[in-house]
Amino acid sequence: MVNTVKPLSMLSKNLNKPVMVELKGNKGYRGTLDGFDPHMNIVLKNAEEMEGGEVKRKLDLAIVRGDNVIYISP
Amino acid sequence: MVNTVKPLSMLSKNLNKPVMVELKGNKGYRGTLDGFDPHMNIVLKNAEEMEGGEVKRKLDLAIVRGDNVIYISP
Amino acid sequence: MVNTVKPLSMLSKNLNKPVMVELKGNKGYRGTLDGFDPHMNIVLKNAEEMEGGEVKRKLDLAIVRGDNVIYISP
Amino acid sequence: MVNTVKPLSMLSKNLNKPVMVELKGNKGYRGTLDGFDPHMNIVLKNAEEMEGGEVKRKLDLAIVRGDNVIYISP
Amino acid sequence: MVNTVKPLSMLSKNLNKPVMVELKGNKGYRGTLDGFDPHMNIVLKNAEEMEGGEVKRKLDLAIVRGDNVIYISP
Amino acid sequence: MVNTVKPLSMLSKNLNKPVMVELKGNKGYRGTLDGFDPHMNIVLKNAEEMEGGEVKRKLDLAIVRGDNVIYISP
Amino acid sequence: MVNTVKPLSMLSKNLNKPVMVELKGNKGYRGTLDGFDPHMNIVLKNAEEMEGGEVKRKLDLAIVRGDNVIYISP
């Protein structure tokens, strides 16, 4: 394979960095990527639930089940 | 991997502590995390079903099937 | 792991006891938990299908496929 | 485990007996349980598709894919 | 197990015979069962797509992905 | 088993031939079947996205994820 | 098998090239394919979220979970 980056390695590179997480059902979260596993279950620290550009809720920590994830963006 | 926390280990750290569980279909629960397994099936003790910020139902115990979970937050 | 209870063990403790089963699609059942397997397929005895707090249907026995389950509560 | 009945064994006990099968999407069937497998794929003989308490269609035989099943009731 | 018929064996008995295939999303097909596999992926020959009792489309051959199947009826 | 054709072998017979691919969510594609795998992930060449009998979009190549497929028809 | 191209090999040929990614729920993305794995989890670089032909959002990087993908087109 060419010089390429696997999705989970790319997540690994963003550990402890701020990410935006888009979930199914129009939910968006911003926070620090604190961990993940191969199912894309993720741990977010200092997360903010976003709705229409506004902060709807703050969560010190959230363990998100991977099957809800659309994408994760640093 | 960097200094990071796996999602299931993070659940483990919150055993016997209060958590908020957000489920698909706009259901929210507050309760004590009494157990879980790798599918994120969870056991909640003294759970309250929340709807629009109000307590809708009280459950001494609830065994929630993991595929309903959006996130779990301590 | 701390002093904790796995979801399936918790089901096991409630065998032959009355439970409430909440299914996807706004269906609720009350009955006696007569059996289950690791998929959370369950056997309910003397089950009542509930809708808006009223009994809609009575079933001597129901074998429920696990993927419909939201939670089971003793 | 206590004196309990596994879901698939319970299906086995109802082979060649009349059952009611509730499927996702508001479909109900009555017929004779002619066979099943661990996915809850089932074979129904002399099946009637029910809608609002009325017989909508008659099927000499139907092989139902298990993932559609909500519950099976003798 | 009693004198019973497994779902896939029952499909096997109907090879090269006319079947009705009901799919999720209100699609119905009539045709000759030309093949299948354990996922219930099926091959239909001389298939007719039915809608409200009328033939909507004719397909010389259709390879249907099993997860769409509700039931197959000879 | 009788003289029968497995779904994936049937796909194999249609490699490099024109096919119609019906996807969930009312999307239809016409194109040349350039490849597939056991999940029914498929490669379409010179594909046309159809909507209501009209060509909506042209794609030189499309790699379609198998879980979207309803049926593939030569 | 005839001279054919497997879906994942076709993705491999498009690494570091511009692709269009159509997701479930009417989301479209344009970007450079930076990586993928067998689940069709993909890494997109310099991605643009498209809606009705307009750029809605720009993402330097997006790790998309494979189960959202309808198709990927170079």
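The values are calculated or read from the model by the stated rules, or taken from the named source; none is laboratory data. What you see is a predicted model, and the numbers here were worked out from it, not measured in a lab. Cβ coordinates were reconstructed from backbone atoms using ideal geometry, including for glycine residues, and neighbour counts include every protein chain displayed. Surface areas here come from the heavy atoms of the whole protein model, side chains and all, with no ligands, DNA or RNA. Shrake-Rupley method; radii C 1.70, N 1.55, O 1.52, S 1.80 Å.
Residue count for the range B:5-18, restricted to those that are crowded, with 16+ Cβ neighbours inside 10 Å and without any contact (Cβ under 8 Å) to a residue 60 or more places away in the chain: 6.
Answer yes if at least one residue in the range A:47-54 is at pLDDT 95 or above and away from chain B (no Cβ under 11 Å), and no otherwise. Scanning the range A:47-54, I find at least one residue that is at pLDDT 95 or above and away from chain B (no Cβ under 11 Å), so the answer is yes. Are any of the residues in the range A:19-36 acidic (Asp, Glu) and in contact (Cβ under 8 Å) with a residue 40 or more places away in the chain? Yes, some residue in the range A:19-36 is acidic (Asp, Glu) and in contact (Cβ under 8 Å) with a residue 40 or more places away in the chain. Somewhere in the range G:40-51, is a residue closer than 15 Å to F:Arg57 by Cβ and not in a strand (DSSP E or B)? There is no residue in the range G:40-51 that is closer than 15 Å to F:Arg57 by Cβ and not in a strand (DSSP E or B). Scanning the range B:52-74 for residues that are part of a loop (DSSP other than H, G, I, E, B), in contact (Cβ under 8 Å) with a residue 24 or more places away in the chain and either acidic (Asp, Glu) or within 19 Å of A:Ala62 (Cβ to Cβ) (or both) gives a single hit, B:Pro74. Residue count for the range A:44-74 satisfying the condition of being open to solvent by 20 Å² or more (accessible area, probe 1.4 Å) and small (Gly, Ala, Ser): 2. Evaluation of C:Gly66 against the conditions (1) farther than 30 Å from B:Asn16 by Cβ; (2) within 11 Å of the chain's Cα centre (by Cα) shows that the sole unmet condition is (1). E:Asn41 meets the stated requirement of being open to solvent by less than 40 Å² (accessible area, probe 1.4 Å) and within 13 Å of chain D (Cβ to nearest Cβ). Summed over the range G:24-33, residues that are within 17 Å of G:Glu54 (Cα to Cα) and assigned to a loop (DSSP other than H, G, I, E, B) total 2.
Applying the selection to the range C:1-23, what residues are part of a loop (DSSP other than H, G, I, E, B) and at the interface with another protein chain (Cβ under 7 Å from one of its Cβ atoms)? Selection gives C:Met1, C:Val2, C:Thr4, C:Val5, C:Lys6, C:Leu15, C:Asn16.
Say whether the condition of being open to solvent by 30 Å² or more (accessible area, probe 1.4 Å) and acidic (Asp, Glu) is met by at least one residue in the range C:19-33. No; the residues of the range C:19-33 include none that is open to solvent by 30 Å² or more (accessible area, probe 1.4 Å) and acidic (Asp, Glu).
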